[in-house]
Amino acid sequence: MLKVAVFSGGRGSNTLVKELVKDETLRLSLIVNAYDDGKSTGEIRDFFNMLGPSDIRKNQENLMSPGFENFRIWSEIFKYRFPEDIKHEQCIHILNSFVTGESNRIDNIIINDSDLENLIKKLLSQFLTSLEIYEKVQGREFNFSDCSLSNCLYAGAYEILDKDFNKTINLFNLLLHVRGDVVPTNLENKKLVGIRENGRICYDEAEIVELRSSDRIKDIFLIDEYLDKDLIESKFTTTREKTDYLSRIQSYVYGTPEAIQTISNADIIIYAPGTQHSSLFPSYMTMGIPEAIYSNTKALKAFICNIGEDYETPNYTASEFLTSAYRYLTRNAKLKLPLSDFIHVALVNTSRSKNKEEIRYVENDFPKLEKLPINIVYGNYESATDLGKHDAVSTVATIKDIYYNRFFKELTYEIKVG
């Protein structure tokens with residue numbers, strides 16, 4: 001069975017992961033960071049002082065088998081978000097009614113499995129108990145507007161499991177009967193910030209994702225605590241001053257033993273497409289992870305270039321996706337390691353559909369791509385039914401073909417030499 005490690009973000013790699021997990025010849029591990037702090041995840045992080053569960057949960061959901069007996073229930077739970085206009089007391093009442101047995105449902109979700117019902121009651125009970133204390137400390141109420149129910153369950157589990165984020169992830173890996181593993185890059189509760197080329201600071205991960213701007217992100221940093229925006233803007237006026245300050249206060253996080261072992265043992269390492277600065281680059285710059293990639297000389301290392309532009313990478317060319325990934329992979333390295341030791345092959349899409357005008361395709365700067373010391377495989381990797389997204393079947397098939405061709409060439413060479 002081939003061991004495949006995928007650097008995954010939130011939704012950017014959904015179709016790829018769902019296709020990979022179908023293949024029973026593969027053992028799939030998704031490597032994910034948990035710096036997300038948008039919407040209800042931000043509230044969870046603020047009140048419970050934990051990493052964000054949302055990207056972890058999205059990847060675990062992708063690994064659930066449709067044949068799993070509680071697949072439908074968990075799918076309903078993952079989809080459920082409280083209404084945007086819901087009142088705090090309404091939400092507390094809904095959850096309390098379920099926990100105490102006054103109601104057999106959470107809003108419109110009925111849990112028919114008694115063991116699962118009891119477990120969810122336990123998780124929500126702990127969530128409510130802890131939240132009541134944290135609200136007193138914060139001096140404000142938790143904002144349940146558009147809150148994901150699953151985030152509440154993760155927070156409850158985190159509290160029960162001695163505030164151990166890794167144990168929390170493993171609990172849900174078991175509960176969801178995931179086919180594979182979701183592995184966190186690190187367990188340190190750091191905050192992701194960025195600075196754009198125009199000097200504007202993105203004060204949290206949500207701002208990196210949500211800020212609609214054509215100004216490029218200059219750099220990203222992990223820091224211990226969120227910055228006081230008024231203080232920073234009053235003290236620093238130039239882009240250079242702000243960048244220097246962020247460089248000085250940045251934290252250096254270390255990869256989990258599980259993430260490093262997963263990469264070290266992989267037969268194929270895939271850099272998935274998706275949002276780069278908020279989802280993927282923070283994983284690449286985690287100390288210990290680049291070394292594990294570099295040291296694994298037997299694995300095929302494949303990079304899947306984005307098909308369409310987004311606000312995190314405006315006007316990025318295909319070669320820039322590769323060189324930017326390399327920049328963060330070597331950011332904290334003590335030695336200057338070549339690009340070819342991190343990426344062997346890159347899949348670059350060449351399709352250009354005229355059926356969806358709002359797609360801004362990533363430009364293929366062929367002369368620069370050809371100068372990179374890696375193999376570039378051009379092809380139509382775009383889905384015919386979901387333009388701007390990858391056709392997971394052809395993308396996965398291409399990577400597997402490359403791996404097996406490479407493997408058999410090496411095997412043939414060894415036999416001849418032997």
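What the table below lists for this structure:
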| item | result |
| --- | --- |
| Only one of R352, R327 that is within 25 Å of A397 (Cα to Cα) and not polar (S, T, N, Q) | R352 |
| Output for the range 55-71, where each listed residue is among the hydrophobic types (A, V, I, L, M, F, W, C), touching a residue at least 40 places away in the same chain (Cβ under 8 Å) and either at positive phi or not in a strand (DSSP E or B) (or both) | I56, L63, F68 |
| Close pairs from the range 79-107: first in a helix (DSSP H, G or I), partner of a type in the set (D, E, K, R), Cβ under 7 Å, at least 6 apart | H88/E141; I94/D107; F98/R105; F98/K121; V99/K121 |
| The one condition in (1) modelled with pLDDT of 95 or more; (2) in contact with an Asp or Glu (Cβ under 8 Å, 6 or more places away or on another chain); (3) surrounded by fewer than 13 Cβ atoms within 10 Å (Cβ to Cβ) that E89 fails to fulfil | (2) |
| Flag if S279 is closer than 25 Å to G388 by Cβ, more than 21 Å from the chain's Cα centre (by Cα) and in a helix (DSSP H, G or I) | no |
| Residue that is surrounded by the most Cβ atoms within 10 Å (Cβ to Cβ) [pool: residues in the range 327-350 that are assigned to a loop (DSSP other than H, G, I, E, B) and of a type in the set (D, E, K, R)] | R331 |
| Hey, S353 over 12 Å from L372 (Cα atoms), in contact (Cβ under 8 Å) with a residue 24 or more places away in the chain and surrounded by 18 or more Cβ atoms within 10 Å (Cβ to Cβ) or not | no |
| Subset of the range 1-50 (residues that are polar (S, T, N, Q), over 16 Å from the mean Cα position of the chain (by Cα) and not in a helix (DSSP H, G or I)) | T25, N49 |
| Filter pass, D164 being within 18 Å of V32 (Cα to Cα), without any contact (Cβ under 8 Å) to a residue 40 or more places away in the chain and not aliphatic (A, V, I, L, M) | yes |
| Verdict on I208 being part of a helix (DSSP H, G or I) and β-branched (V, I, T) | yes |
| Residue in the range 158-176 that is outside any helix (DSSP H, G or I), under 30 Å from Y284 (Cβ atoms), of a type in the set (S, T, Y) and in the same structural domain as G67 (by TED's automatic domain parsing) present | no |
| The range 132-154: number of residues that are in contact (Cβ under 8 Å) with a residue 40 or more places away in the chain, in a helix (DSSP H, G or I) and more than 18 Å from the chain's Cα centre (by Cα) | 6 |
| Residues (part of a loop (DSSP other than H, G, I, E, B) and either touching a Gly at 6+ places or on another chain (Cβ under 7 Å) or farther than 21 Å from E320 by Cα (or both)) located in the range 282-298 | T286, G288, N296, T297, K298 |
| Filtered residues of the range 48-72 (kept if surrounded by 13 or more Cβ atoms within 10 Å (Cβ to Cβ) and over 21 Å from V17 (Cα atoms)) | F48, M50, L51 |
| Y80 vs. criteria surrounded by fewer than 17 Cβ atoms within 10 Å (Cβ to Cβ) and touching a Leu at 6+ places or on another chain (Cβ under 7 Å) | yes |
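Each row is one residue, and each column tells you yes or no for (1) of a type in the set (F, W, Y); (2) over 18 Å from G156 (Cα atoms).
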{"position": "S65", "(1), (2)": "no, yes"}
{"position": "F68", "(1), (2)": "yes, yes"}
{"position": "K87", "(1), (2)": "no, yes"}
{"position": "C91", "(1), (2)": "no, no"}
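The values are calculated or read from the model by the stated rules, or taken from the named source; none is laboratory data. Computed from a predicted structure; not experimentally measured. Neighbour counts are summed over all protein chains in view; Cβ atoms, including those assigned to glycine, are modelled from backbone coordinates with ideal geometry.
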